[in-house]
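J.: Handing you a structure now.
Every number in this text was worked out from the coordinates using simple rules, so none of it is lab data. All of these numbers come straight from a predicted model, not from anything done at the bench. Every residue, glycine among them, receives a Cβ derived from its backbone with ideal geometry; neighbour counts consider all protein chains shown.
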C-alpha cells in the first residue's frame, strides 16, 4: 500500500474497489467491459457497412480500438495489497494473515517488503478459491 492509502499497483491503471451490500471490498470484473467492447465492435461493423466513409464509423472504430487496448492493459495489471488492506477486504484478522504469510508465502502471493508483508491479490484469490476457502486443518498445520 502506498502512503496515500491506495493499493500498490504495478502495470498501469489503478484498481477499482467497490463496496458491496455487506461492505466487503471487491475488485471489479472485466467481464461487463468485455461484453461492452464486443457490442461496440458489432455496432462499428454495422455503421461501417452502411456508411464506410462517415465520421461516425471512423470515430466508433477508434473508440473500439481504444477500449480493446485499455482492456488488454487492465488484464496485465498486478495488484499488491498490504496486510491491513487485505484484512479489510477479507475480514480475516491480521494475526491470521501474518501466520498464513509466514507458512504459505509464495503459494498465496506473499512477499516481504520493507519488513512488512504484501500480498499479490490475484494469487491470493486464486489460492483461496482453489482450496475452497480456509479450513481449520490448514490453519492448525
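J.: Per 10 Å bin, what percent of the C-alpha pairs of the range 31-75 does each bin hold, from zero upward?
T.: 31, 48, 19, 2
J.: Would you calculate the separation in nanometres between label points at residue 38 and residue 92, each defined as 7 Å from the Cα along the Cα-to-beta-carbon direction?
T.: Rounded to a tenth, the inter-label distance reads 3.3 nm.
J.: Could you work out how far apart the two model spin labels at residue 55 and residue 71 are, taking each label as a point 7 Å from the Cα in the direction of the beta carbon, and quote it in nm?
T.: Placing both labels 7 Å beyond Cα along the Cβ direction yields 2.8 nm.
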